[in-house]
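Chemist: Would you mind keeping the following structure in view while I ask a few things?
The values are calculated or read from the model by the stated rules, or taken from the named source; none is laboratory data. Quick caveat: nothing in here was measured; it's all calculated off a predicted structure. As a convention, Cβ positions derive from the backbone with ideal geometry for all residues, glycine included, and neighbour counts pool all protein chains shown.
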Amino acid sequence: MKKYLITSPEHYTQEAKSFEAILRKTLSEHTPEYAVYRDKQNPEYKELAKVFVRVCREFSGICCLLHSDAALACRLGADGVHLTSTQFEKVAHAKQSGLFVIVSTHTEEEIAHAIDAGADAITFSPIFPSPDKGEPKGAEALCGVVANTPIKVFALGGIVEPWHVEAIEQSGAYGFASIRYFVD
């Protein structure tokens, strides 16, 4: 099962040197196969995105993604983009640009939109209780999504304990995505 690291400013900071050190340490210790730089409020997003891509390139086997901005992902040489559940119309352009595309989904309707748009993978969330993310769907709902979805499914939301990862693995999901699981 694949591991997908999602950054957040509260754990990675918005200062370049600290961000770089924390990211390098996290990638070394947890060896995720996927990583996305996500910081919705940073006015210096582009600068830290450069640092993020550079550091990811130091590690073999990491699919390096940027959040929401396919054009920036292309300019910086990232492998892909993680789009939100309101960005379905951007999937085709990202794919035409040669990017791997993950789309956030929370409902079966959103999953269908992501598939129809041509996404390579989805995150489905929240699986377990997660701050400010709504009612958790649970591992049983995840099993149904995995069984009926022809593209890669990453479970997301509230994944902080080893037993969460075990439940996701039993669902047959391609992988799990998390912020807090990868925080020491």
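Chemist: Here's a check for you: in region 5-21, which residue that is within 22 Å of Gly80 (Cα to Cα) and among the hydrophobic types (A, V, I, L, M, F, W, C) is surrounded by the fewest Cβ atoms within 10 Å (Cβ to Cβ)?
Modeler: Here the answer is Ala16.
Chemist: Being among the hydroxyl-bearing types (Ser, Thr, Tyr) and touching a helix residue (DSSP H, G or I) at 6+ places or on another chain (Cβ under 7 Å): is that true of Ser85 here?
Modeler: Yes.
Chemist: Taking region 81-101 as the region of interest, how many residues are crowded, with 24+ Cβ neighbours inside 10 Å and either among the charged types (D, E, K, R) or out of contact with any Gly (no Cβ under 7 Å at 6 or more places or on another chain) (or both)?
Modeler: So the count comes out to 4.
Chemist: Condition first: under 27 Å from Lys25 (Cα atoms) and in a helix (DSSP H, G or I). Now tell me which residues in region 61-73 satisfy that.
Modeler: Hits for region 61-73 are Ala70, Leu72, Ala73.
Chemist: For the list (1) surrounded by fewer than 23 Cβ atoms within 10 Å (Cβ to Cβ); (2) among the small types (Gly, Ala, Ser); (3) over 24 Å from Val51 (Cα atoms), I need the number of the one condition that Ser125 fails.
Modeler: Of the numbered conditions (1) surrounded by fewer than 23 Cβ atoms within 10 Å (Cβ to Cβ); (2) among the small types (Gly, Ala, Ser); (3) over 24 Å from Val51 (Cα atoms), the odd one out for Ser125 is (1).
A quick yes/no check of all residues on (1) among the charged types (D, E, K, R); (2) touching a strand residue (DSSP E or B) at 6+ places or on another chain (Cβ under 8 Å); (3) on the phi < 0 side of the Ramachandran plot:
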residue	(1), (2), (3)
Leu5	no, yes, yes
Lys17	yes, no, yes
Ala21	no, no, yes
Asn42	no, no, yes
Lys46	yes, no, yes
Phe59	no, no, yes
Leu66	no, yes, yes
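Chemist: Would you mind finding the one in Thr107, Thr149 that is among the β-branched types (Val, Ile, Thr), more than 13 Å from the chain's Cα centre (by Cα) and exposed (fewer than 15 other Cβ atoms within 10 Å of the Cβ)?
Modeler: Thr107
Chemist: How many residues, within region 51-60, are farther than 21 Å from Glu10 by Cβ and either at pLDDT 95 or above or among the β-branched types (Val, Ile, Thr) (or both)?
Modeler: Residues that pass the stated criteria total 5.
Chemist: Something else now. If you check Val183, Val153, which single one turns out to be modelled with pLDDT under 95 and of a type in the set (Val, Ile, Thr)?
Modeler: Only one candidate passes the filter, namely Val183.
Chemist: OK, next. Return the total of residues in region 61-81 being of a type in the set (A, V, I, L, M, F, W, C) and under 13 Å from the mean Cα position of the chain (by Cα).
Modeler: The total comes to 6.
Chemist: Pick out, from region 74-184, the helices (runs of 4 or more DSSP H) lying fully within it that include 1 or more residues that are touching a Leu at 6+ places or on another chain (Cβ under 9 Å).
Modeler: 91-96, 108-117, 162-171
Chemist: If you don't mind, there's one more thing I want to ask. I'd like to verify a number: residues in region 1-45 that are in contact (Cβ under 8 Å) with a residue 60 or more places away in the chain, in contact with a Pro (Cβ under 7 Å, 6 or more places away or on another chain) and of a type outside the set (A, V, I, L, M), how many?
Modeler: Number satisfying all stated conditions: 2.
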